[in-house]
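Below is one structure, written out as structure tokens; comments come after it.
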Number of protein chains: 2
Amino acid sequence: MLEIAVLGLLNESPMHGYELRKRLSSLLGTFRAFSYGSLYPTLRRLSEAGWISEEPALDAASGARSRRGKRVYRLTADGKEHFAELLSDVGPDAFDDEGFGARLAFFAQTRSDIRLQILEGRRRRVEEQRDGMRTSIGRTGSRLDRYTRELQQHGLESKDREVRWLTELIEHETTQKEEP
Amino acid sequence: MLEIAVLGLLNESPMHGYELRKRLSSLLGTFRAFSYGSLYPTLRRLSEAGWISEEPALDAASGARSRRGKRVYRLTADGKEHFAELLSDVGPDAFDDEGFGARLAFFAQTRSDIRLQILEGRRRRVEEQRDGMRTSIGRTGSRLDRYTRELQQHGLESKDREVRWLTELIEHETTQKEEP
DNA sequence: GCGCTCATGTATCGTGGCGATACATCGCGG
DNA sequence: CCGCGATGTATCGCCACGATACATGAGCGC
């Protein structure tokens with residue numbers, strides 16, 4: 001979700017749309033492309049909802065309003081509150097690819113027990129996907145050509161790796177918790 | 001791309017939309033979700049373009065037109081030709097996630113030299129993504145929190161695995177070619 | 001034969017992301 | 001001082017997705 005990622009970045013510091021997009025790509029580029037065609041409409045929505053404010057940028061030296069049409073987006077008090085709620089809301093959205101990616105990116109600001117819930121929910125989700133693929137591969141069996149099997153096999157192994165990765169994160173999370 | 005996948009499946013045998021969707025999900029579910037909200041509009045487009053035909057289903061036993069609104073989609077001669085062109089068209093689209101997935105799924109019907117071009121192009125693409133991520137991780141360095149680094153690291157390793165996988169496929173392809 | 005439920009089957013709608021594109025300004029090297 | 005790449009805002013068309021509605025098929029208990 002663009003919304004949570006934008007709020008999270010603006011929670012760290014106010015920013016222009018341009019920089020926002022760069023940060024988004026480097027932060028979550030694994031999951032999504034992030035073009036301006038989705039960023040600016042999102043900023044508009046968030047602004048209308050009152051979560052962020054949109055001010056003309058000031059020149060660093062003179063303090064005068066910069067001649068360019070630059071705009072600085074800043075999280076409002078309501079926005080901070082809303083973001084905190086989003087971070088602790090462990091709904092089904094938190095377990096799909098994008099929702100999980102966005103949450104993980106701001107884990108440092110997330111309560112430890114929520115972190116664990118999200119990691120475990122995500123693992124369950126990926127395990128389900130993996131098992132679904134496994135039985136699907138088993139059913140269609142060897143009727144498929146080599147390349148299709150190869151594709152499915154690679155997908156299956158990726159899911160398997162992700163489950164193991166999540167398990168490591170969960171273990172780290174639980175051992176850290178007991179001895180801070 | 002839905003288009004190439006639909007044409008490819010209909011090239012194997014005529015089908016209803018419902019079955020089409022099931023086959024699509026099991027074939028390419030790794031890449032996309034495939035809801036009816038995209039499938040039926042695509043079928044409409046393909047039909048208007050003349051690549052597929054849309055006939056009322058016949059009852060298997062009586063041969064009578066089935067009372068249900070069932071429709072059978074069938075590849076036309078033009079459609080077969082178009083599909084063959086799509087399979088041998090090695091444009092940039094063939095190297096992104098979806099385009100590559102769709103091509104690989106029908107590799108059995110693809111000329112061997114084209115197969116090699118697609119695999120190598122895809123590998124180059126993924127290598128570029130991986131290198132981009134690597135330098136991005138190097139630049140932002142250790143300023144990021146543990147979870148973000150973990151996320152990026154996992155993404156990087158996935159790309160690395162994909163490159164190795166593609167290399168295996170390429171090797172298999174080239175050795176097979178020399179001794180048929 | 002009755003009704004129950006699940007799989008089969010077609011179809012549309014709202015939301016919203018993506019890629020392309022346009023256009024303006026800043027900063028810096030030649 | 002000029003050109004070019006980086007910075008910066010913004011919109012448009014296409015189309016995928018998830019939700020939803022609705023109808024018929026087959027199988028099963030009773």
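Considering B:ARG143, B:ARG130, the condition of being of a type outside the set (Val, Ile, Thr), more than 28 Å from B:ASN11 (Cα to Cα) and in contact (Cβ under 8 Å) with a residue 24 or more places away in the chain is satisfied by B:ARG130 alone. Within region A:1-16, the set of residues being within 14 Å of DNA strand C (Cβ to nearest atom) and assigned to a helix (DSSP H, G or I) comprises A:LEU2, A:GLU3, A:ILE4, A:ALA5, A:VAL6, A:LEU7.
State whether one or more residues within region A:53-61 are within 12 Å of DNA strand D (Cβ to nearest atom), over 15 Å from A:PHE106 (Cβ atoms) and within 14 Å of chain B (Cβ to nearest Cβ). The answer is no; no qualifying residue exists.
Of the residues that make up region B:54-73, is at least one aliphatic (A, V, I, L, M), within 16 Å of DNA strand C (Cβ to nearest atom) and closer than 29 Å to B:GLU127 by Cβ? Outline the logic, then answer.
First, pick out the residues of region B:54-73 that are aliphatic (A, V, I, L, M): B:57-58, B:60-61, B:64, B:72.
Subsequent filtering for residues that are within 16 Å of DNA strand C (Cβ to nearest atom) retains B:57-58, B:60-61, B:64, B:72.
Next cut, closer than 29 Å to B:GLU127 by Cβ only: none.
No, that holds for no residue.
Flag not set for B:LEU2, criterion: more than 27 Å from A:THR30 (Cα to Cα), surrounded by 14 or more Cβ atoms within 10 Å (Cβ to Cβ) and within 15 Å of DNA strand D (Cβ to nearest atom).
Entry remark, region A:17-36: residues being within 14 Å of DNA strand C (Cβ to nearest atom) and either farther than 23 Å from B:MET133 by Cα or of a type in the set (S, T, N, Q) (or both) number 3 in total.
Against the list (1) modelled with pLDDT of 90 or more; (2) more than 18 Å from B:ARG161 (Cβ to Cβ), the condition A:ILE137 fails is (1). Kindly indicate the residue of region B:122-139 that is exposed (fewer than 14 other Cβ atoms within 10 Å of the Cβ) and within 12 Å of another protein chain (Cβ to nearest Cβ) and also nearest to B:PRO92 (Cα to Cα) among those meeting that condition. Only one residue tops the list, namely B:THR135.
Given the condition surrounded by 18 or more Cβ atoms within 10 Å (Cβ to Cβ), within 18 Å of A:LEU9 (Cα to Cα), within 14 Å of chain B (Cβ to nearest Cβ) and not basic (Lys, Arg), answer yes or no: does some residue in region A:80-91 qualify? Yes, some residue in region A:80-91 is surrounded by 18 or more Cβ atoms within 10 Å (Cβ to Cβ), within 18 Å of A:LEU9 (Cα to Cα), within 14 Å of chain B (Cβ to nearest Cβ) and not basic (Lys, Arg).
Here's the yes/no breakdown for (1) more than 30 Å from A:ARG45 (Cα to Cα); (2) away from DNA strand C (no atom under 16 Å from the Cβ):
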site: A:THR76; (1), (2): no, yes
site: A:GLU81; (1), (2): no, yes
site: A:ASP96; (1), (2): no, no
site: A:ALA108; (1), (2): no, yes
site: A:ARG123; (1), (2): yes, yes
site: A:ASP131; (1), (2): yes, yes
site: A:ILE137; (1), (2): yes, yes
site: A:GLU157; (1), (2): yes, yes
site: A:ASP160; (1), (2): yes, yes
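Residues in region A:140-164 that are hydroxyl-bearing (Ser, Thr, Tyr) and facing chain B (nearest Cβ under 7 Å): A:THR140, A:TYR147, A:THR148, A:SER158. Consider region B:5-20 and keep the residues that are within 14 Å of another protein chain (Cβ to nearest Cβ) and under 24 Å from A:LEU156 (Cβ atoms). The one that is farthest from DNA strand D (Cβ to nearest atom) is B:GLU12.
Restricting to region A:21-53, count the residues that are in a strand (DSSP E or B) and either small (Gly, Ala, Ser) or modelled with pLDDT under 90 (or both).
Counting residues in region A:21-53 that are in a strand (DSSP E or B) and either small (Gly, Ala, Ser) or modelled with pLDDT under 90 (or both) gives 1.
Figure legend. Inter-residue proximity from region A:40-55: first residues under 9 Å from A:THR76 (Cβ atoms), second residues assigned to a strand (DSSP E or B) and more than 10 Å from DNA strand C (Cβ to nearest atom), beta-carbon distance below 9 Å, spacing 6+ or different chains. Indicated pairs: A:TRP51/A:LEU75; A:ILE52/A:TYR73; A:ILE52/A:ARG74; A:ILE52/A:LEU75; A:SER53/A:VAL72; A:SER53/A:TYR73; A:SER53/A:ARG74; A:SER53/A:LEU75.
The values are calculated or read from the model by the stated rules, or taken from the named source; none is laboratory data. Predicted model, so just to flag it, every value in this text is computed and none were measured. No Cβ is skipped: glycine too gets one built from the backbone with ideal geometry, and neighbour counts run over all protein chains shown.
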